[in-house]
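Here's the structure, in structure tokens; my notes come after.
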There are 2 protein chains.
Amino acid sequence: MQFNTHFNDIAQSYLFSTVAQKVAAYQAANPGKQVLRLGIGDVTLPLAPAVIAALHSAVDDMSRRETFRGYGPEQGYDFLREAVRGYYAERGVELLPDEIFISDGAKSDLGNILDIFSDANTVLVTDPVYPVYVDTNVMAGRKVIYADANEGNGFLPMPDYSVDADIVYLCSPNNPTGAAYTVAQVQEWVDYANAKGAVILYDAAYECFVTDDSLARTIFQAKGAKTCAIEFCSLSKTAGFTGTRCGYTVVPKALQRGGMSANAMWLRRQTTKFNGVPYIIQRGAAAVFTPEGRSQIQANLAVYQGNAKLIADCMDSLGIWYTGGKNSPYIWLRCPGGMDSWQFFDHLLQNIQVVGTPGVGFGANGEGYFRLTAFGSPEVTREAVARLKALFAK
Amino acid sequence: MQFNTHFNDIAQSYLFSTVAQKVAAYQAANPGKQVLRLGIGDVTLPLAPAVIAALHSAVDDMSRRETFRGYGPEQGYDFLREAVRGYYAERGVELLPDEIFISDGAKSDLGNILDIFSDANTVLVTDPVYPVYVDTNVMAGRKVIYADANEGNGFLPMPDYSVDADIVYLCSPNNPTGAAYTVAQVQEWVDYANAKGAVILYDAAYECFVTDDSLARTIFQAKGAKTCAIEFCSLSKTAGFTGTRCGYTVVPKALQRGGMSANAMWLRRQTTKFNGVPYIIQRGAAAVFTPEGRSQIQANLAVYQGNAKLIADCMDSLGIWYTGGKNSPYIWLRCPGGMDSWQFFDHLLQNIQVVGTPGVGFGANGEGYFRLTAFGSPEVTREAVARLKALFAK
């Protein structure tokens with residue numbers, strides 16, 4: 001037996017472990033200091049009451065023979081697929097029911113979708129980047145090339161027709177930069193993909209933070225996207241499902257090449273290697289899309305959006321350049337005073353005990369940048385902002 | 001962009017759709033007849049009360065900020081991994097906590113584990129076979145070879161040292177044949193794998209049906225298995241989790257080749273492409289391993305075991321050759337009167353309205369055989385057995 005030696009090519013990341021080690025060392029040396037964590041990429045508010053009620057009801061279904069559910073459809077129950085279809089219809093995007101696949105989260109499907117593509121494809125990602133896009137392709141031995149995201153393009157690189165890419169990853173609003181493409185910009189990427197015969201894997205996990213109507217909430221707002229794009233979304237950030245695990249993937253039937261259909265291939269992949277999301281969880285997810293659920297999750301999102309605004313306003317008042325913060329839970333800022341990412345990390349930790357994430361951990365273009373997140377509590381966020389202002393107003 | 005053209009090599013199976021069509025056509029033509037389904041491979045009894053209580057409690061945890069859970073460890077919470085470790089310890093198998101990975105089911109992990117193996121490996125499966133083992137490898141372009149299971153070997157093929165295989169699939173108790181290896185037989189396969197440098201992917205999804213102490217409940221009962229085997233198990237049949245989705249995979253740290261570790265690679269694969277099983281579901285799964293849960297699931301298993309015995313006793317009384325039925329929910333029988341699998345299917349449907357699964361649907365060696373299952377209700381099973389006796393006693 002031979003192992004897959006491409007695993008030896010995956011870069012080891014020490015980003016979050018180094019952050020944790022530095023924070024632990026600081027706290028051990030300074031037990032009296034209160035450390036404020038604005039590096040967290042996880043939600044902190046509990047599930048909405050409508051979701052909790054639906055989960056309880058579904059658990060009860062599983063306790064009685066008449067309502068018990070065994071194997072469900074691998075691609076998800078119709079009650080949830082129809083709810084997702086209605087959500088897209090609100091944005092003017094008409095999908096067929098069997099273009100929607102319920103998943104246990106965007107990360108799983110973003111990795112697993114690669115089963116349907118040849119290992120010979122060239123993959124284009126941005127730098128900085130969510131590392132999962134790179135690692136999943138390196139594992140399979142695919143060539144990965146980079147599009148520079150930087151201050152010049154507002155961390156929103158646009159297509160370069162001199163570059164031939166087969167698989168393009170876009171994440172908007174972006175993790176880690178918080179930058180979000182307009183519908184017009186997404187249209188340029190769709191046009192590029194259709195011209196090149198490429199496919200776009202579009203990660204819309206943060207779409208719920210978009211409030212500006214000019215920004216894309218789905219790639220399918222662009223014309224022609226159904227012949228070149230697959231979209232991944234999640235309830236993780238939308239409804240606090242990071243530990244509850246449910247998302248959805250849209251694979252249009254029009255995405256075909258050489259007589260093969262992405263939709264048919266993904267269905268075959270999922271029916272062969274997946275047995276669907278738990279019935280209980282799908283019932284909870286469906287409650288997110290009810291009027292009651294929608295209203296409750298908006299209240300939670302408003303808390304995170306309020307935190308993001310506090311941080312963004314702080315950057316504005318200090319004259320620090322940043323992206324995100326307005327249509328995203330992430331604030332990606334240029335480290336003041338010419339500090340590099342890790343110098344700034346240490347500077348904040350030592351002086352004001354605020355913890356964020358060094359931008360260089362997401363790629364070479366992240367050097368000199370820093371990520372703060374809006375997932376803390378309003379109290380912690382307010383205190384962190386006060387400390388930032390005091391430190392940099394000096 | 002190029003699709004993965006290996007998908008064109010996957011055989012299309014019409015087994016269950018053809019069964020469904022034939023039954024629907026019969027019912028439409030004979031609306032007054034009661035059709036009895038003994039082809040079902042899904043559980044029908046509701047979740048145990050201890051599991052239901054744990055699920056409700058975990059839902060409540062998600063409703064309060066203090067007990068809310070966001071992202072969990074991809075490999076599963078310690079409370080569940082420790083429960084699984086204790087279950088193995090009862091069989092004298094000592095595992096390290098981080099050799100156990102919590103999964104959303106055996107099918108997912110049986111497919112996804114292939115990420116860590118080179119596509120150049122040759123795969124050995126039995127014929128007849130659970131089709132997922134074949135399809136997942138054909139998708140990746142691996143060569144698949146077959147070991148004959150037949151009446152001569154009791155549908156339990158043993159290793160042939162003249163055959164060089166890199167990845168060997170064993171399923172015991174077997175789906176579809178119900179045949180189960182003894183510990184001594186599993187030892188022979190482990191010795192073969194260690195001699196050849198092969199890996200065994202051992203599907204133990206039906207281990208809970210084993211009551212005969214000479215039969216293997218885990219491959220790790222064989223000496224040396226930790227250097228050559230990965231085991232997949234599931235609560236689907238053990239605790240009726242087919243719609244609740246939880247299983248576990250054991251990847252020993254001793255399974256190494258050329259400086260690469262299966263355990264480290266699988267951890268990397270899962271942290272990159274998976275975000276763990278829902279917290280709520282893991283709490284429900286942990287309840288399966290409590291004394292109360294164990295006692296309750298045994299009561300459910302006893303119902304299915306009783307059904308299996310009814311069918312097996314019927315075969316005995318009719319003098320029909322079969323495997324399974326005693327340590328398995330499946331009864332795999334030789335079609336009487338020299339009928340082939342589909343002739344027998346039609347014969348039962350037309351004459352006594354009993355539905356099973358034609359053995360030829362699981363491979364060429366299944367021709368002339370037929371699968372009945374114990375997952376129906378006792379009432380349906382008793383009536384089906386009475387009709388079988390009446391038909392063949394003529």
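Remarks
- The calculated FRET efficiency for the pair B:Q34 and A:Q350, based on their C-beta separation and a Förster distance of 60 Å, comes to about 0.15.
- Aspartates and glutamates with Cα under 16 Å of B:K22, excluding same-chain neighbours fewer than 8 positions away: B:D346
- Buried accessible surface for the A/B chain pair comes to about 6600 Å², total over both chains, computed with a 1.4 Å probe.
- Within the same chain, aspartates and glutamates fewer than 8 places from A:K223 are excluded, and of the rest, those with a Cα less than 16 Å from its Cα are A:E94, A:E188, A:D191, A:E231.
- Per-residue Karplus couplings for the stretch B:117-122, computed as 6.51 cos²θ - 1.76 cosθ + 1.60 with θ equal to phi - 60°, are listed in order as 10, 4, 6, 7, 5, 9 Hz, Gly and Pro entered as x.
- Put simply, the convex hull of the Cα atoms in the stretch A:1-120 casts, on average, a shadow of 15.4 nm².
- As a ratio to 2.2 N^0.38 Å, the alpha-carbon radius of gyration computed for the stretch B:224-326 takes the value 1.48.
- Per-atom-type breakdown for the stretch A:69-187 gives carbon and sulfur 51% of the accessible area (1.4 Å probe, protein chains only).
- Between helix A:15-29 and chain A: long-axis angle, C-alpha atoms, 0 to 90°, nearest 10: 40
- For A:I320, the label point sits 7 Å beyond Cα toward Cβ; its separations from the matching points on the remaining copies run 7.6 nm, from shortest to longest.
- Spin-label model, B:T18 to B:R65: label points 7 Å out along the Cα-to-beta-carbon direction sit 6.1 nm apart.
- Cα-based convex hull volume of the protein assembly as shown per residue, rounded to whole Å³: 163
- Crossing angle, helix A:78-89 versus chain A [Cα axis fit, 0-90 degrees, rounded to tens]: 60
- Label point 7 Å beyond Cα along the C-beta direction, distances from B:A89 to other copies (nm, shortest first): 5.5
- Residue-wise HN-Hα couplings along the stretch B:321-337, as the Karplus relation 6.51 cos²θ - 1.76 cosθ + 1.60 with θ = phi - 60° gives them from phi, are 5, 7, 10, x, x, 9, 10, 6, x, 10, 10, 10, 10, 7, 4, x, x Hz; Gly and Pro carry x.
- Near B:C171, the amide H atoms lying under 5 Å from its own belong to B:D203; only residues 5 or more places off or on other chains count, and H is placed 1.01 Å from N.
- Normalising the Debye intensity of chain A to I(0), with uniform scatterers on Cα atoms only, and taking log10 at q = 0.08, 0.14, 0.15 Å⁻¹ returns -0.44, -1.29, -1.43.
- Residue-wise HN-Hα couplings along the stretch B:160-169, as the Karplus relation 6.51 cos²θ - 1.76 cosθ + 1.60 with θ = phi - 60° gives them from phi, are 10, 5, 7, 9, 9, 10, 9, 10, 10, 9 Hz; Gly and Pro carry x.
- Nonlocal amide H pairs with A:M260, under 5 Å, H built at 1.01 Å: none
- Distant-in-sequence amide contacts of A:N150, defined by a placed amide H-H separation under 5 Å and a gap of 5 or more residues or a different chain, comprise A:F155, A:L156.
- Filter on A:K33/A:K107; A:K253/B:K237; A:K226/B:K143; A:K273/B:K253; A:K237/B:K226 - keep pairs with C-alpha separation over 30 Å: A:K33/A:K107; A:K253/B:K237; A:K226/B:K143; A:K237/B:K226
- Peptide-level mean, for A:82-90, of C-beta atoms on other protein chains within 10 Å: 0
- Helix A:341-352 and the long axis of chain A differ in direction by around 60°, with both axes built from C-alpha atoms.
- Residue-averaged beta-carbon neighbours from other chains (10 angstrom radius) around A:197-205: 1
- Point-to-point label distance, A:K143-B:T182, nm (Cα→Cβ direction, 7 Å offset): 5.7
- Each of the peptides A:137-148, A:269-280 was scored by the mean count of other Cβ atoms within 10 Å over its residues; in descending order, highest first, they stand as A:269-280, A:137-148.
- Listed by chain and number, the aspartates and glutamates placed with their C-alpha closer than 12 angstrom to that of B:K389 are B:D313, B:D316; residues fewer than eight positions away on the same chain are left out.
- Partner shielding of B:60-71 amounts to 6, given as the average count of beta-carbon atoms from other chains within 10 Å of each residue beta-carbon.
The values are calculated or read from the model by the stated rules, or taken from the named source; none is laboratory data. From a predicted model like this one, the values you see are computed outputs, not experimental measurements. Here the Cβ is made from the backbone with ideal geometry for all residues, glycine too, and neighbour counts use every protein chain on show. For accessibility, only protein heavy atoms count, side chains too; no ligands or nucleic acids. Shrake-Rupley method; radii C 1.70, N 1.55, O 1.52, S 1.80 Å.
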